[in-house]
Amino acid sequence: MKEFEEHQLITLAQQGDEAAFTALFQRHYSFIYNYLIKMTFNPMIAEELLQETMLKCYLQITSFNHQSKFSSWLITIATRTYIDLLRKKKRERGLFKRAADEHSSALKWELQLNKVDFNEVMEAISTLKPLYRIPLLLRHYYGFTYAEIGEILNCHEGTVKSRVNKSIKLVRKEMHEDEG
Amino acid sequence: MKVDEEKQIKEAFEKITEGIERSAPNLATLSMMLNKKKAEHKKRLNRELMFFMLIASFCIIILTLVLANAPILYIGIQVLGIVAVPCVMIWKNKKSKQGDSVL
């Protein structure tokens with residue numbers, strides 16, 4: 001029933017119905033925000049990306065062909081938007097990194113407020129570069145296949161595999177450094 | 001070992017999901033947000049278009065002047081040179097003074 005409704009909303013949104021689009025996006029709002037938080041570890045950037053993702057979805061909704069889940073399509077758009085943002089901010093990397101550091105402590109604070117401990121694994125994941133964190137998240141939390149991640153990130157399956165393995169090694173290294 | 005680590009990573013991500021509570025805004029707020037983003041997007045596109053047209057017309061004017069061997073082009077280059085030299089000198093002076101004050 002829910003899927004049928006979603007299919008209907010997508011079709012209406014593709015025909016230019018703005019109300020249908022907002023209703024559709026509202027359904028996935030929490031899902032996409034949660035994804036963005038885990039991808040960026042930064043509530044401020046997640047908020048900015050959420051709005052950009054919404055706009056891109058609105059502008060590109062006609063290209064959605066129902067071959068994948070709508071949520072996967074949203075993840076693809078959100079991930080590519082983040083990669084674009086990182087490229088754009090490459091020049092001001094110092095400034096961007098400082099802001100990222102400040103706001104990852106905002107995430108810690110938000111988690112602690114909800115009585116969730118920011119443990120050493122989270123700490124280790126937060127130190128990973130997005131290049132490694134994104135495939136790790138998509139593979140080990142969302143359960144995408146290497147091929148699917150390759151499609152999302154526009155790179156080869158082999159590259160994704162090696163990045164996921166390297167990210168696990170980096171997390172392990174960071175955890176052992178913390179212990180030692 | 002690796003399986004354990006993968007499990008720990010998954011759990012860490014799950015805990016973040018649990019710890020972050022963000023409910024979706026109502027439809028009116030979302031619609032307002034979308035309209036704001038659309039307006040920003042339109043403004044950005046217009047700015048890019050204006051910039052493109054400006055550069056294009058500048059190139060066309062320069063090309064026409066070069067092809068027509070117009071004296072205004074050469075006079076213009078000389079005037080620009082005369083104006084640019086003192087500007088660059090002032091800018092360099094300011095920069096070196098700033099460097100001194102930092103040291």
**Study point:** the stretch B:14-39 residues that are within 7 Å of another protein chain (Cβ to nearest Cβ) and part of a helix (DSSP H, G or I), paired with ones that are small (Gly, Ala, Ser) and surrounded by 14 or more Cβ atoms within 10 Å (Cβ to Cβ) (beta carbon under 7 Å, 6 or more apart)
**Key:** B:LEU27/A:ALA23
Check your understanding: Quick one: how many residues across the stretch A:52-78 are buried (at least 16 other Cβ atoms within 10 Å of the Cβ) and more than 11 Å from the chain's Cα centre (by Cα)?
Key -> 10
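Quick grid of which residues meet (1) out of contact with any strand residue (DSSP E or B) (no Cβ under 6 Å at 6 or more places or on another chain); (2) more than 22 Å from A:TRP73 (Cα to Cα); (3) within 13 Å of chain B (Cβ to nearest Cβ):
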residue: A:ARG139; (1), (2), (3): yes, no, yes
residue: A:TYR142; (1), (2), (3): yes, no, yes
residue: A:LEU153; (1), (2), (3): yes, no, no
residue: A:SER162; (1), (2), (3): yes, yes, no
residue: A:ASN165; (1), (2), (3): yes, yes, yes
Practice item. Could you please give the count of residues in the stretch A:140-162 that are closer than 16 Å to A:ILE37 by Cα and part of a helix (DSSP H, G or I)? Key: 1
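Only one of A:TYR33, A:TYR29 is facing chain B (nearest Cβ under 10 Å), under 11 Å from the mean Cα position of the chain (by Cα) and either among the small types (Gly, Ala, Ser) or surrounded by 14 or more Cβ atoms within 10 Å (Cβ to Cβ) (or both). Can you tell me which? Write out each step before concluding.
Numbers: A:TYR29 fails: under 11 Å from the mean Cα position of the chain (by Cα).
So the residue among A:TYR33, A:TYR29 that is facing chain B (nearest Cβ under 10 Å), under 11 Å from the mean Cα position of the chain (by Cα) and either among the small types (Gly, Ala, Ser) or surrounded by 14 or more Cβ atoms within 10 Å (Cβ to Cβ) (or both) is A:TYR33.
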Check your understanding: Of all the residues that make up the stretch B:23-69, how many are surrounded by 10 or more Cβ atoms within 10 Å (Cβ to Cβ) and over 30 Å from A:GLN26 (Cα atoms)?
Key -> 21
Review point. In the stretch B:42-61, is there at least one residue being facing another protein chain (nearest Cβ under 9 Å), within 30 Å of the chain's Cα centre (by Cα), more than 30 Å from A:ARG139 (Cβ to Cβ) and of a type in the set (A, V, I, L, M, F, W, C)?
Key: no
Practice item. Output the residue which, of all residues in the stretch A:36-51 that are surrounded by fewer than 19 Cβ atoms within 10 Å (Cβ to Cβ) and either within 10 Å of another protein chain (Cβ to nearest Cβ) or not charged (D, E, K, R) (or both), is farthest from B:ALA24 (Cα to Cα). Key: A:MET44
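Where a number appears in this text, it was derived from the coordinates with a stated rule and is not lab data. Because the structure is a prediction, the values reported are computed rather than measured. Ideal geometry is used to build each Cβ from the backbone, glycine not excepted, and the neighbour counts take in all protein chains shown.
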